[in-house]
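The values are calculated or read from the model by the stated rules, or taken from the named source; none is laboratory data. Model, not experiment: these values are computed from the prediction. All Cβ positions, even for glycine, are placed from backbone atoms using ideal geometry, and neighbour counts span all protein chains on display. Ligands, DNA and RNA are stripped out before the accessible areas are found, and what is left, the full protein with its side chains, is counted by its heavy atoms. Shrake-Rupley method; radii C 1.70, N 1.55, O 1.52, S 1.80 Å.
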Amino acid sequence: MRIPGVRCGLGAVAAVLAVTVAGCSSGGHAATPGPSPSTPSYGAPPWDVLPSSPPANPTRGRNGDITSLPDVFRAMIATIPVEFKTGKPRHAMDEPGDRQDYGWVNTDASRARFLYVRVFRDKTQAQARRDIAGARTLAGDDHDPVSDGEAHTGPASSIRGLGDEAFTFAMRQREVWNGDFSPGNDRNYDIGGTYVAARVRNVWFSVRLEGSDNLHPAPPLDAKRSAETARPRLTGTNLPDQTARAQATAIARAVIGVLQSR
């Protein structure tokens with residue numbers, strides 16, 4: 001599956017599969033860096049400076065569909081493994097009632113962790129079903145990674161008992177930039193993990209959780225780039241599929257819990 005790198009203006013389905021939110025986020029809004037990783041908030045959005053802050057529970061219309069998203073961050077943060085959430089947080093919150101994007105990147109010379117959670121509220125359940133089906137269709141186009149940021153995905157499989165519908169697939173990527181320009185930390189990483197998507201009525205969301213351990217230097221994939229001119233590439237042992245899937249599913253259950261609350 002060829003997952004494109006960051007591109008502003010992508011549709012909801014393509015954007016939710018984007019490699020990173022470092023420069024753009026789904027829908028074209030800029031992603032905002034969170035506070036220092038040393039703060040106990042782990043990147044909580046600054047609701048006091050945003051146009052509005054979401055409620056603890058979703059608001060609903062007469063038919064039971066969600067008319068405004070709840071505070072997804074507060075609902076899921078306790079389920080996120082510490083090695084992810086202590087990384088540099090990012091979020092895009094221009095329209096928190098309709099879309100919430102969260103990301104954490106924690107990398108050094110020995111390990112890498114990438115986590116992105118993206119929540120979309122559609123106007124109707126029919127549209128949400130079409131969007132999550134589109135994401136699953138994209139996962140079926142399975143290719144070996146051939147250049148930076150592209151991904152190899154395993155077959156998508158359904159998950160029972162997770163919202164109204166859900167699916168998952170394994171994935172791995174090579175030469176994924178960590179978004180860090182600071183000297184000594186500006187690197188590309190080979191990572192692997194899992195992707196989980198689920199729907200609750202007219203809201204659907206994705207959790208992309210990847211990482212790698214026991215890192216060591218590797219030559220750039222593009223033979224035309226020399227090791228001197230290319231960003232350093234580190235490769236290692238990808239997160240085990242079962243571990244990554246269990247961690248991503250736990251986060252998804254927390255999101256579903258708050259979406260189903262009243």
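Annotations
- Any chance Arg208 is open to solvent by 40 Å² or more (accessible area, probe 1.4 Å) and not in a helix (DSSP H, G or I): no
- When the criteria are applied in full, Thr124 meets the requirement of being surrounded by fewer than 18 Cβ atoms within 10 Å (Cβ to Cβ), more than 25 Å from Ser212 (Cα to Cα) and hydroxyl-bearing (Ser, Thr, Tyr).
- Subset of segment 161-214 [of a type in the set (D, E, K, R) and out of contact with any helix residue (DSSP H, G or I) (no Cβ under 9 Å at 6 or more places or on another chain)]: Arg172, Arg174, Glu175, Asp180, Asp186, Arg187, Asp190, Asp213
- Scanning segment 221-252 for residues that are of a type in the set (D, E, K, R) and crowded, with 19+ Cβ neighbours inside 10 Å gives Arg233, Arg245.
- For segment 67-86, filtered to residues that are touching a Lys or Arg at 6+ places or on another chain (Cβ under 7 Å) and surrounded by fewer than 23 Cβ atoms within 10 Å (Cβ to Cβ), the residue that is farthest from Ile251 (Cα to Cα) is Thr67.
- Filtered residue count, segment 88-120, keeping only those that are assigned to a loop (DSSP other than H, G, I, E, B) and surrounded by fewer than 23 Cβ atoms within 10 Å (Cβ to Cβ): 8
- Residues that are open to solvent by 20 Å² or more (accessible area, probe 1.4 Å), more than 17 Å from Asn106 (Cβ to Cβ) and touching a residue at least 12 places away in the same chain (Cβ under 8 Å) do not occur anywhere in segment 179-199.
- Which numbered condition Lys123 misses (of (1) modelled with pLDDT of 95 or more; (2) basic (Lys, Arg); (3) not in a loop (DSSP other than H, G, I, E, B)): (3)
- All positions within segment 178-209 that are touching a Ser or Thr at 6+ places or on another chain (Cβ under 7 Å) and of a type in the set (A, V, I, L, M, F, W, C): Ile191, Val196, Ala197, Leu209
- Residue match in segment 141-151 (condition: in contact with a helix residue (DSSP H, G or I) (Cβ under 7 Å, 6 or more places away or on another chain), within 23 Å of Thr107 (Cα to Cα) and modelled with pLDDT under 95): no
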